[in-house]
Amino acid sequence: MIKVSAIIPVFNGSATLREAIDSVLDQNVHGLELIVVDDGSTDSTPAIIDSYGDRIKQLRQSNAGPAVARNAGARNARGAYLAFLDADDRWLSGMLERAIVMLDSDQDCVMAYGNLLMVDSDGRSLATYLIGAEYAHAPSMAEILARMWPIMPSAALIRRSAFDACGGFVEDFRGAGFEDAFLWLRLREQGYFGYIPEALAAWRFSWFPQPLKVKPCRRDVDTFARLVRQRYGVDPSRLVAARMRATRSILGYAGLRALQQGNRQAARRAFAGALKLDPWRARNIFRFIRTFLPVRIARSLSGRTGRGVKPEMPEPFSH
């Protein structure tokens, strides 16, 4: 009997896919199937998938984006619970055990999710977690309509019946960034969420030090805004702004960590990326300029960049 269907959508993910697959196969649960959906990859992704033989089920389609790929996996899934792991993330030990217990114990809970350890695009720890204290609880419907809640597919387990009832991921979304946020709204209509206050997955920040993904396109932003207005009658501008601001905030944090570690070039790249997203933010301008100053002067301007001082993590989804 299949209890959980884990679904990994992947497009040209050869750099990280094996780590993601292995993290699923290492879960200590019975009744687990893994479905990998190759979304038209042109790199060595198909060969990596083939190397696992019959330990995984594989699907292949023309490139259509993660929403379509995840839905394809769900249609072929046999589990009562669905888990969608991104190909650049990985589960931590015990992820499924913790989430299964929560869903099994309460039939009204439609999704169990947890926190995520943040790593950079090279897999190095950023020494912080995605969900801060302000968001460390399961949201009400009012909360996720007012604020972009930091729930990521890679740390969630969804009740299959609820996923089917809300129609799965909206396939008008072609990229990543907003397709999950709209699904959380639809799922919250079906029942409440359960929050597990520990890290269940490692979430890869795929924009630093090198980009591994394509940033959300304007079409997906407009699609999200249209769907939220149509279904809920609310202004989605704050939700959109929060999601777009998250990348800038994490880049700023990564730059501060690089400065703390004495890597001025990496810090400069991070702050330059933040400036590109928000060129008029004074804090980012000041931080970028500081990377060109002599070390003694730079440290005198902010104690956060001194060795042994951990930079403060900004809330990626704060207002």
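Could you tell me whether any residue of segment 17-34 is among the small types (G, A, S) and part of a strand (DSSP E or B)? No, the conditions are met nowhere in segment 17-34.
When A225, A201 are checked against the criterion of being hydrophobic (A, V, I, L, M, F, W, C), surrounded by fewer than 20 Cβ atoms within 10 Å (Cβ to Cβ) and at pLDDT 90 or above, a single residue qualifies: A225.
In segment 244-267, the count of residues that are β-branched (V, I, T) and buried (at least 18 other Cβ atoms within 10 Å of the Cβ) is one or more. Restrict the check to segment 60-78 and report whether at least one residue is of a type in the set (G, A, S) and more than 23 Å from E171 (Cβ to Cβ). Checked against the condition, which is being of a type in the set (G, A, S) and more than 23 Å from E171 (Cβ to Cβ), segment 60-78 yields no hits at all.
Residues that are farther than 19 Å from V234 by Cβ and in a helix (DSSP H, G or I) within segment 135-151 comprise just one, Y135. Among the candidates D38, D43, which residue alone is touching a residue at least 24 places away in the same chain (Cβ under 8 Å), farther than 17 Å from E97 by Cβ, buried (at least 23 other Cβ atoms within 10 Å of the Cβ) and more than 18 Å from the chain's Cα centre (by Cα)? Residue meeting the stated conditions: D38.
Output yes when any residue across segment 37-53 is in a loop (DSSP other than H, G, I, E, B) and among the acidic types (D, E), and no when none is. Within segment 37-53, one or more residues are in a loop (DSSP other than H, G, I, E, B) and among the acidic types (D, E). Residues that are within 19 Å of the chain's Cα centre (by Cα) and among the hydrophobic types (A, V, I, L, M, F, W, C) were ranked within segment 240-269; the one that is nearest to L227 (Cα to Cα) is V240.
For segment 171-194, what are the residues that are surrounded by fewer than 20 Cβ atoms within 10 Å (Cβ to Cβ) and in contact with a Gly (Cβ under 9 Å, 6 or more places away or on another chain)? If the condition is that a residue be surrounded by fewer than 20 Cβ atoms within 10 Å (Cβ to Cβ) and in contact with a Gly (Cβ under 9 Å, 6 or more places away or on another chain), then E171, R174, G175, R186 are the ones that fit. Selection of first residues in segment 90-107 that are at pLDDT 95 or above and of second residues that are of a type in the set (D, E, K, R) and assigned to a helix (DSSP H, G or I), restricted to Cβ pairs under 9 Å at least 6 apart or on distinct chains, gives the following pairs, ordered by first then second residue: R90/E19; R90/D22. Residues that are in contact with an Asp or Glu (Cβ under 9 Å, 6 or more places away or on another chain), assigned to a strand (DSSP E or B), on the phi < 0 side of the Ramachandran plot and of a type outside the set (S, T, Y): does segment 96-105 have at least one? Taking every residue of segment 96-105 in turn, none turns out to be in contact with an Asp or Glu (Cβ under 9 Å, 6 or more places away or on another chain), assigned to a strand (DSSP E or B), on the phi < 0 side of the Ramachandran plot and of a type outside the set (S, T, Y).
The values are calculated or read from the model by the stated rules, or taken from the named source; none is laboratory data. These numbers come from a predicted model, not from an experiment. Cβ: placed from backbone, ideal geometry, glycine included. Neighbour counts: every protein chain shown.
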